[in-house]
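The values are calculated or read from the model by the stated rules, or taken from the named source; none is laboratory data. As the structure is a prediction and not an experimental result, all values here were calculated from the model. Cβ placement follows ideal geometry from the backbone for every residue including glycine, while neighbour counts extend to all protein chains displayed. For accessibility, only protein heavy atoms count, side chains too; no ligands or nucleic acids. Shrake-Rupley method; radii C 1.70, N 1.55, O 1.52, S 1.80 Å.
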2 protein chains.
Amino acid sequence: MEASTLIKNARILPMTEETWFDEGYILIKGNRILEVGEGEYQGMASFDKVMDASGKVVMPGLINTHGHAAMVLLRGYADDLPLMEWLQTKCWPIEDKMTEEDIYWGTKLAILEMLKSGTTTFTDMYFEMDGVARAVEESGIRAVLSRGMIGFPPKAEQALTQSREFARKWHRAADGRITVLLGPHAPYTCPPDYLKQVVSLSEELDLPIQIHLSETAGEVEQSIKDHGVSPIKLMEQVGLFNRPTLAAHCVHVSDEDIEIMSKYNVHVAHNPDSNLKLGSGVAPLLKMLEKGLTVGLGTDGAASNNNLDMFEEMRHAAMIHKGVNLDPIAVNAYKALEMATTDGAKTLFLEEKLGTLQPGALADLIFLDYNRPYYHPRHNLIAHLVYAGQSGDVTDVMIDGEMIVENRRVLTMDEERIYEEAANTCNRLFA
Amino acid sequence: MEASTLIKNARILPMTEETWFDEGYILIKGNRILEVGEGEYQGMASFDKVMDASGKVVMPGLINTHGHAAMVLLRGYADDLPLMEWLQTKCWPIEDKMTEEDIYWGTKLAILEMLKSGTTTFTDMYFEMDGVARAVEESGIRAVLSRGMIGFPPKAEQALTQSREFARKWHRAADGRITVLLGPHAPYTCPPDYLKQVVSLSEELDLPIQIHLSETAGEVEQSIKDHGVSPIKLMEQVGLFNRPTLAAHCVHVSDEDIEIMSKYNVHVAHNPDSNLKLGSGVAPLLKMLEKGLTVGLGTDGAASNNNLDMFEEMRHAAMIHKGVNLDPIAVNAYKALEMATTDGAKTLFLEEKLGTLQPGALADLIFLDYNRPYYHPRHNLIAHLVYAGQSGDVTDVMIDGEMIVENRRVLTMDEERIYEEAANTCNRLFA
């Protein structure tokens, strides 16, 4: 018999249409939402648990469509540096030393941060991925995981083999909370022939692909020099887009690139903060949305952000494109919320109802303290959440029907232990 | 005899140089800092109060150099609209109805938000300013206030008279926490002859001037059409820049404009969020800094932000210019902190040591909970505060030597009453 919960007295933002209930209830049975309604629950059912959400907003958990969780270990280690110097002299030498255990503890720290800030699903592309999957399994979060693949010797073949093994071991594991994508890193680290092997593996395993595309202007220039075409066009040529694809960044994409992406229904992970902080640029989000592309939001790794805060990504997605395009009506608040919830779920090839509160949807939801000065007066819940709110307002988190965070405490994790292990790991890595 | 306080076991960011103490102490006597040191206090003095700041960062309070506090009453009332429609059909009709009492309660709500988010000094240009000054006096915050002046009939003369009266009544009032500037609204609302009268009044009262300049491209175009020159050049011509001037926005300023601003040492309030949200654009901050201009950060009114969160302004000032200029080393984290503290104080013509923790400085300081996931690992306090932190981490606030916020509770204000009065005010204004 599955446990049932009634959440009552909640302000509810269901993300099924652009409105909210000032007072409503949600019924949950097992890991699914059974019913969402306005006012008081009038039905006859009894419940294993009743939660009073007075003074709180309940909304779908946030979905982070791009990142490298364990890079929290590099947070603040090297900022305000040119990109290549940052990567080559700072990030890579440290990453080379990371063991599965380091990545396990780094990912735990990242998950702790994500849970406390209202993220219920995250995306990861990294290495030693068993460490990541273990952290996901234990913590109760939902995740879409890829073993990152570099298509150069000596580890190119191993990356394909390990990706296959990882998918067989972890796809749909942890009660279905984990799904796996294949993760070729980027066109500049995976030659065309290698990408063709990835496409074959994707067909064999029936799994979509995630890849970094056109993040920097330099990368596009190099592609044109090496291959005569843009990274997007090159991906069309190697057949990658014949497979369901999630493309991260897409900052430097031309109108023609966007046409190609639209033709193949390429999904996009838009990472406003990382693109700003690394000086990569501002993605042409308005054009991508106009063409009907499915776009989610991502934080990227914390080394280039420097947090994993989806409230900030929402706010920035809604604000930056207004400023850069001199257009105050570009990307409204509700669209930013959609990108962080419903559109995020679609971006990750997850089932359609994830990212909403409606009957049949997976019970991934977050509670926010709405009793903050910046949520007054009560003109507009949607605008308040996007333009005025912050992740620190999240008090409780339910994932897959289980309470994972209660009153800001993560029930599945030992916070002090994680800080200690992360510090120990860094003491060794940065020695 | 003035009360003395010892703050011990604090991580201290003094903002006197680009470094911090992992453990240190601060002595305060009356409203001034007496001593700041690393490690434990070894002196012989005894104290009226000892505060243990274990696990916290102590840094100077943040300084908001531009805003319209009572506009919090319009927060979320009308977003995602074209600028002129927003102003003419939404903001102005409501503002026309506001009484001094409405503005008093609106300002109280704004101050509540600012105190809780670590702002210890704010700047205001609005109307019915006695209501604002009363709210400042009662709350214990520091403020720089201007009666906004519109230079068109029927109230142009009254605005000058009321500005004089306001300055005589409130300049250096509230134990010196209030200072007054003259506030002609903008060149497009104050004709040249009127601005000359403001310059005379500024000389008469020996007070600086604050004004909105070159916020939108349209405004600059109109100035060139009407006067043959940019708003900046026009201000030079009318003699405004012969007086100490704080110019808010300066989004659309040419290289020549920046030369003029540099020549007259015009101070700038940079408002990254408001400029983005209203689609005004991105100010050429890098060029202004290169020319040595004194630049502070501001939120502008909450109707175009939609909060009064200086942590967000810092973060955005450090990130947006990297992205827009494709330059990852533009505006580093420490510069963003300076703009929000030391440079902010200079921008507002306040005494030199405000915005720092050092002997002789006014005791305006804030405490932050440093025990959050995004502050781990401990690589770099400065980067963490700017790129990863949030205003919700502020736990305690001291202003002018007095504890104003303790453990997130504002001691000088009745939070629930303010929410209630703000709601009542809105019910009437928006009826």
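Values for this structure:
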{"quantity": "Filter result for B:Tyr41 (more than 23 Å from B:His384 (Cα to Cα) and of a type in the set (Ser, Thr, Tyr))", "calculated": "yes"}
{"quantity": "Subset tally (residues that are closer than 17 Å to A:Arg409 by Cβ and touching a strand residue (DSSP E or B) at 6+ places or on another chain (Cβ under 8 Å)) for segment B:362-377", "calculated": "1"}
{"quantity": "Scan of segment B:41-55 for residues that are of a type in the set (A, V, I, L, M), open to solvent by 30 Å² or more (accessible area, probe 1.4 Å) and at pLDDT 95 or above, ordered by number", "calculated": "B:Val50"}
{"quantity": "Residue check, B:Ala423 more than 30 Å from A:Asp414 (Cβ to Cβ) and either in contact (Cβ under 8 Å) with a residue 24 or more places away in the chain or within 10 Å of chain A (Cβ to nearest Cβ) (or both)", "calculated": "yes"}
{"quantity": "Residues within segment B:147-158 that are within 23 Å of the chain's Cα centre (by Cα) and small (Gly, Ala, Ser), tallied", "calculated": "1"}
{"quantity": "Members of segment A:321-353 found to be away from every other protein chain (no Cβ under 14 Å) and open to solvent by 60 Å² or more (accessible area, probe 1.4 Å), listed by number", "calculated": "A:Lys346, A:Phe349, A:Glu351, A:Glu352, A:Lys353"}
{"quantity": "Selection status of A:Thr395, open to solvent by 20 Å² or more (accessible area, probe 1.4 Å) and touching a residue at least 24 places away in the same chain (Cβ under 8 Å)", "calculated": "no"}
{"quantity": "Sole exception among (1) over 21 Å from the mean Cα position of the chain (by Cα); (2) open to solvent by 20 Å² or more (accessible area, probe 1.4 Å); (3) in contact (Cβ under 8 Å) with a residue 12 or more places away in the chain for A:Leu195, by number", "calculated": "(2)"}
{"quantity": "Any hit, segment B:116-133, residues being part of a helix (DSSP H, G or I), more than 19 Å from B:Leu350 (Cβ to Cβ) and facing chain A (nearest Cβ under 10 Å)", "calculated": "yes"}
{"quantity": "Answer from B:Ala423, B:Ala383, B:Ala388 - the residue that is outside the structural domain of B:Val266 (by TED's automatic domain parsing) and more than 22 Å from A:Asp79 (Cβ to Cβ)", "calculated": "B:Ala423"}
{"quantity": "Residues of segment A:131-147 that turn out to be free of Cβ contacts under 8 Å to residues at least 40 places away in the same chain and open to solvent by 10 Å² or more (accessible area, probe 1.4 Å), as a count", "calculated": "2"}
{"quantity": "In segment A:65-102, the residues that are away from chain B (no Cβ under 14 Å) and open to solvent by less than 50 Å² (accessible area, probe 1.4 Å)", "calculated": "A:Thr65, A:His66, A:His68, A:Glu95"}
{"quantity": "Test: residue in segment A:415-431 that is in contact with a strand residue (DSSP E or B) (Cβ under 7 Å, 6 or more places away or on another chain) and either of a type in the set (Lys, Arg) or within 17 Å of A:Met114 (Cβ to Cβ) (or both)", "calculated": "no"}
{"quantity": "Options A:Lys29, A:Lys49; residue that is closer than 19 Å to A:Leu411 by Cα, more than 11 Å from chain B (Cβ to nearest Cβ), touching a strand residue (DSSP E or B) at 6+ places or on another chain (Cβ under 8 Å) and not aliphatic (A, V, I, L, M)", "calculated": "A:Lys49"}
{"quantity": "Out of B:Glu203, B:Glu215, sole residue that is more than 23 Å from B:Pro154 (Cα to Cα), open to solvent by 10 Å² or more (accessible area, probe 1.4 Å), acidic (Asp, Glu) and part of a loop (DSSP other than H, G, I, E, B)", "calculated": "B:Glu215"}
{"quantity": "Subset tally (residues that are open to solvent by 20 Å² or more (accessible area, probe 1.4 Å), in contact with a Pro (Cβ under 9 Å, 6 or more places away or on another chain) and part of a strand (DSSP E or B)) for segment B:1-40", "calculated": "5"}
{"quantity": "Unmet criterion (only one of (1) assigned to a helix (DSSP H, G or I); (2) crowded, with 18+ Cβ neighbours inside 10 Å; (3) more than 14 Å from every other protein chain (Cβ to nearest Cβ)) for B:Val58", "calculated": "(1)"}
{"quantity": "Per-region count, segment A:279-293, residues touching a strand residue (DSSP E or B) at 6+ places or on another chain (Cβ under 8 Å) and either within 14 Å of chain B (Cβ to nearest Cβ) or open to solvent by 30 Å² or more (accessible area, probe 1.4 Å) (or both)", "calculated": "4"}
{"quantity": "Subset of segment B:359-387 that is within 18 Å of the chain's Cα centre (by Cα) and not in a loop (DSSP other than H, G, I, E, B) - its residue that is nearest to the other protein chains (Cβ to nearest Cβ)", "calculated": "B:Val386"}
{"quantity": "Meets criteria (open to solvent by less than 10 Å² (accessible area, probe 1.4 Å), among the hydrophobic types (A, V, I, L, M, F, W, C) and over 30 Å from A:Ala302 (Cβ atoms)) for B:Ala361", "calculated": "yes"}
{"quantity": "Unique residue being in contact with a strand residue (DSSP E or B) (Cβ under 7 Å, 6 or more places away or on another chain), more than 8 Å from chain A (Cβ to nearest Cβ), buried (at least 22 other Cβ atoms within 10 Å of the Cβ) and part of a loop (DSSP other than H, G, I, E, B) when the list is B:Thr412, B:Thr356", "calculated": "B:Thr356"}
{"quantity": "Total residues in segment A:255-278, condition surrounded by fewer than 21 Cβ atoms within 10 Å (Cβ to Cβ) and within 10 Å of another protein chain (Cβ to nearest Cβ)", "calculated": "0"}
